[in-house]
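Asks: Questions regarding the structure given below will be posed in turn.
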Amino acid sequence: MTIRRDPLDPNERELVREGAPSPAGPRRAYMPELPDGADLTQEVVRFDGGSRVPGQHGATDLTKDPAGVPDPAQVEVPAALRAEIEDFMSRYPDSRSAAIPALAAAQRVHGWCSPQAVEQVACVMRLTPAYLTAVVGFYDMLEGTEVGRQTVYVCTNISCSLRGADDLLASLKGEIGDHPDVNIRGFECLGACDIAPMCSVNGTYVGPIDADEVPELARQIISAQDPLPGKQLVRRRVADVAANSDDVARASLDSGTLDPVSLDGGRSA
Amino acid sequence: MTNHLLFQDIDEPGLSTIEVYKRRGGYLMAEQALAMARDSIISSLKDSGLRGRGGAGFPTGLKASFIPQGKMDKFLVCNADESEPGTFKDRELMQKNPHSLIEGMIIAAYAVGANKAFIFIRGEYVQQAEILEKAIEEAKAAGYLGPDVMGRGVELDMWVHRGAGAYICGEETGLLDALEGRRGNPRLKPPFPANQGLYQGPTLINNVETLTAITYILKVGAEAYAAMGVEKSSGTKLISVSGNVKRPGNYEIEMGMTGRDIIYGLAGGIEDDREVLLWFPGGSSSPVLTKDDLDLPYDYDSLAGAKTMLGSGAIIVAHDGNSVVDIAVKTASFYKHESCGKCTPCREGTSWTTKMLKRIQSGEATPMDLDVISSVCEQIMGNCLCVLGDAMAMPVASMVTKFRPHFEAHIEQARAANEARLLAELDAPGNVLQGIAAD
Ligand SMILES: Cc1cc2nc3c(=O)[nH]c(=O)nc-3n(C[C@H](O)[C@H](O)[C@H](O)COP(=O)(O)O)c2cc1C
Ligand code: SF4
Ligand code: FES
């Protein structure tokens, strides 16, 4: 067994004890969640870039000057993206207000808030990339690392977990596997606890999801199809009394005709 | 008692279109309001007894009266962030009845003299944001919004602003920072947003349900609204019932109905006909109640009397098949994740409470940890910039106090299970530690 103090220091003396039993392992209770494949024999667990704190992706290069507001002559911004951001900026007394919608728009184009995406937004909005990167870091829906384009949020908050959300997340993850196009993650309460356990597929809410529907849902996510059309939130019309029962076809108060929502699968909502 | 006011037309097909909404009497109240004096709208809001439905329960008419008079840029912001776990009432309103929110906002904006209005909606509500945007387009085309609202010389511009996933942006000053394009860190109060809010201008911030209720208060009259419900908690409240109930969903009730009538009546009782272990009366930030509290009337003051709160009106019910330890871990982890990190008691307190609770969950704790948790929670309360810290401390402390025997039993059980597992590993053939252990 090998014990190394600092895995990054090539001069660090290696301590080798032949045949010794593996130690009980570090005290887990005090440790952040371990990355996959972490070497538990290390005395100090290291994450990306040698950091002791997880999530420090892409360490800063301190030898460089911080980037300023990009020069419009040097940065190419897709015309549609530029128009969208400028439209957002025109809505507010202070154009900086458009930061979140603009980053979200760039993320739709690039798949994530990549350095290039951030630079394009910075160029149109006349802000520094550092400022925008800080904004990206604050919000859960803005991705600071490269992820798949199919975004799946599985709610694992209290109400959903009381109805089996943790199993749903595990089985959906298992079913989808390591797919490069899919960004699946547990999420905080999505505001749809009435259809728990549920998930949001690219913004479409579906639920309650039964265990036997998971393989079908996984297939639809991977192939970018409409997820479980019969279980989408917009189909649910009943707000009260018969809550959670979808099968009450309601007549209009005005015309007495049947609810069109139930006839076209909720598309008109 | 149920009473359909905000939900009176909610299941009308196509209500989200201006055509159907107007057929059901839509925008008549806005027309009427714009012919009224501003003061008289605010005083009828005061008379109605309407209190903020976003969580804090502050009297709406009073808040509107704090907005300074005079000609200047004033803002109206609708808080549609709805991220309090267990809450989904605003979603239903925005999705099915968006025009009544817009109408309420026209009335509120006119009453305080705001000429620019924003609906800050959480980024996850993609479909609801699209519905709202479409509804605003329709209202603009029909002349209810724009430079000259209904030809009355009043300007009102309205936009939907989408967030990007952060609970703290529901806190009114965090929301303002997010709306200004920054990280959503709450601001020190005072100054309150009514004086210095968005872009330093006077800003009225209200919840979706509060603003929608304004439309209906004008419809039925302030006195009739005040007569509903109970004293100091007048009117109807939308409640979101979820968790282990047979019929989770949104219900509209007159305040003062008992918890039992809501959970066993409206929501159909507990799944598998089990017993209630605990319930959150007002979202996950409210201190929990047990099955002994089911007969409490559901209104602001009765719940405050029971040392909890009505909050956002989200009732989460857990049955006795669940472990209170797991629920406590879920609760604390949520606040740990959502803490903005600006103040130490909240940032560190939520993080350490979560670690301690996880230690309890995995059987690496002693009963003393429960005392440490209680003391950490005590030190968070009242010592933070916003109430997110308190929002974790209150429910967690209430669980640890009310369910201490459950926690202690779990600690002992999990510890014994760990010990048995380790001993079994030691006994396994070939374990080199065997000789040492024998010494
Ligand atoms: C951490 C935190 C989260 C909040 N989240 C929300 C929310 O999601 N929606 C909301 O309407 N109010 C929320 N509030 C309450 C707002 O700060 C504010 O009181 C409310 O929007 C005022 O509107 P009202 O008077 O109509 O209730 C939150 C408060 C805190 C401290
Ligand atoms: S209490 Fe928590 S969420 Fe609120 S400002 Fe302080 S650190 Fe941020
Ligand atoms: S807890 Fe899952 S949507 Fe609210």
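Asks: In square nanometres, what is the average projected area of the Cα convex hull of region A:150-235?
Replies: Details: hull surface 18.5 nm².
Its Cα hull, projected and averaged over all orientations, spans 4.6 nm².
Asks: Taking beta carbons within 10 Å but only from partner chains, what does the mean come to for residues A:140-151?
Replies: Details: counts 9, 8, 4, 0, 0, 0, 0, 0, 0, 0, 0, 0.
Mean inter-chain Cβ contacts per residue within 10 Å come to 2.
Asks: Which of B:Met94, B:Met36, B:Met257 ends up with the largest GNM mean-square fluctuation for chain B, with Cα atoms connected below 10 Å?
Replies: B:Met36
Asks: Using the eigenvalues of the Cα gyration tensor, what equivalent ellipsoid semi-axes result for the protein assembly as shown when each is taken as the square root of five times the eigenvalue, whole Å, largest first? Kindly include the intermediate steps, with their values, before the conclusion.
Replies: Working: eigenvalues 389, 204, 122 Å².
They are 44, 32, 25 Å, listed from largest to smallest.
Asks: Which net charge results when you count Lys and Arg as +1 and Asp and Glu as -1 among the other residues whose beta-carbon is under 12 Å from that of A:Pro70? Don't jump to the answer; show the numbers that get you there.
Replies: Values: positive: A:Arg126; negative: A:Asp71, A:Glu76, A:Glu119.
For residues surrounding A:Pro70, the net value is -2.
Asks: Given Cα pairs under 8 Å that are at least 6 residues apart, what percent is the relative contact order of region A:82-199?
Replies: Details: 157 pairs, mean separation 25.9, N = 118.
Rounded, it is 22 percent for region A:82-199.
Asks: Mind checking region B:294-399 for trypsin sites (Lys or Arg not before Pro) that DSSP puts in a loop (not H, G, I, E or B) and that have at most 16 other Cβ atoms within 10 Å? Please report the intermediate quantities before stating the final value.
Replies: Numbers: sites: B:Lys307, B:Lys330, B:Lys336, B:Lys342, B:Arg347, B:Lys355, B:Lys358, B:Arg359; in loops: B:Lys307, B:Lys342.
Of the trypsin sites (Lys or Arg not before Pro), the ones in loops of region B:294-399 whose Cβ has at most 16 other Cβ atoms within 10 Å are B:Lys307.
Asks: Ordered by packing density, taken as the mean number of other Cβ atoms within 10 Å over each peptide's residues, highest first, how do B:143-152, A:205-214, B:241-250 rank?
Replies: Working: B:143-152: 15.4, A:205-214: 18.7, B:241-250: 25.5.
So the order, starting with the most tightly packed, is B:241-250, A:205-214, B:143-152.
Asks: Can you divide the C-alpha Rg of chain B by 2.2 N^0.38 Å and report the result to two decimal places?
Replies: Details: Rg = 24.4 Å, N = 439, 2.2 N^0.38 = 22.2 Å.
Against the compact-globule rule of thumb, the ratio is 1.10.
Asks: Let me ask something additional. Under a point spin-label approximation (7 Å from Cα along Cα-to-Cβ), what is the B:Gln32-B:Asn195 distance to one decimal in nm?
Replies: So the label points at B:Gln32 and B:Asn195 sit 3.6 nm apart.
Asks: Kindly work out what percent of the DSSP beta bridges joining two residues of chain B are antiparallel, to the nearest 5.
Replies: On the way: 18 of 39 bridges.
Among the beta bridges of chain B, antiparallel pairing accounts for roughly 45 percent.
Asks: Continuing with this model, one more query. Would you give the gap between the C-alpha center of region B:60-80 and the C-alpha center of region B:348-419, rounded to a whole Å?
Replies: Between the Cα centres of region B:60-80 and region B:348-419 lies a distance of 40 Å.
Asks: How big is the charge dipole of region B:1-134 about its Cα centre, in debye rounded to the nearest 20, if each Lys and Arg gets +1 on its Cβ and each Asp and Glu gets -1 on its Cβ? Let's see the in-between values first.
Replies: Details: 16 positive and 17 negative charges, 86 e Å.
Here the size comes out at about 420 debye.
Asks: Further question: For region B:298-362, what does the alpha-carbon gyration tensor say about shape, rounded, prolate or oblate, given a ≥ b ≥ c as the root eigenvalues, a/c under 1.5 as rounded, and a/b over b/c as prolate? Write down the numbers at each step before the final one.
Replies: Working: a/c = 2.55, a/b = 1.29, b/c = 1.97.
Cα axes put region B:298-362 in the oblate bin.
Asks: Test of the criteria: in region A:80-189, which GluC sites (Glu not before Pro) are in a DSSP loop and have at most 14 other Cβ atoms within 10 angstrom of their Cβ?
Replies: Numbers: sites: A:Glu84, A:Glu86, A:Glu119, A:Glu143, A:Glu146, A:Glu175, A:Glu188; in loops: A:Glu143, A:Glu146, A:Glu188.
Taking region A:80-189 and a limit of 14 other Cβ atoms within 10 Å, the loop GluC sites (Glu not before Pro) found are A:Glu146.
Asks: A follow-up question, please. Sort B:132-140, B:118-126 for me by packing, meaning the mean count of neighbouring Cβ atoms within 10 Å per residue, highest on top. Intermediate results must be reported in sequence, preceding the final value.
Replies: Working: B:132-140: 19.7, B:118-126: 24.4.
By packing density, highest mean first, the sequence is B:118-126, B:132-140.
Asks: Let me ask something additional. From Cα pairs below 8 angstrom and at least 6 apart in sequence, can you work out the relative contact order of region A:150-235, rounded to a whole percent? Walk me through the numbers before you get to the answer.
Replies: Numbers: 142 pairs, mean separation 29.5, N = 86.
It rounds to 34 percent for region A:150-235.
Asks: How far is the Cα center of region B:215-291 from the Cα center of region B:155-183, in Å?
Replies: 28
Asks: What average count of beta carbons from other chains do you get within 10 Å of the Cβ of residues in B:122-131? Could you put the intermediate results ahead of the total?
Replies: Numbers: counts 3, 8, 13, 6, 5, 9, 6, 1, 1, 2.
Across B:122-131, the average partner-chain Cβ count within 10 Å equals 5.
Asks: Rounded to the nearest 0.05, what FRET efficiency is calculated for A:Asp178 and A:Gln116 with R0 set to 30 Å and r the Cβ-Cβ distance? Could you put the intermediate results ahead of the total?
Replies: Values: r = 25 Å, r/R0 = 0.83.
Efficiency at R0 = 30 Å is approximately 0.75.
Asks: Other chains' Cβ within 10 Å of B:239-248 residues: what's the mean? List each step's numbers first, then the result.
Replies: Details: counts 0, 6, 5, 12, 8, 4, 5, 2, 7, 9.
Neighbouring Cβ atoms belonging to other protein chains average 6 per residue here.
Any read-out appearing in this document is the output of simple, stated calculations on the displayed coordinates, not a laboratory observation. Given the structure is predicted, the values throughout are model-derived calculations rather than measurements. Neighbour counts are summed over all protein chains in view; Cβ atoms, including those assigned to glycine, are modelled from backbone coordinates with ideal geometry.
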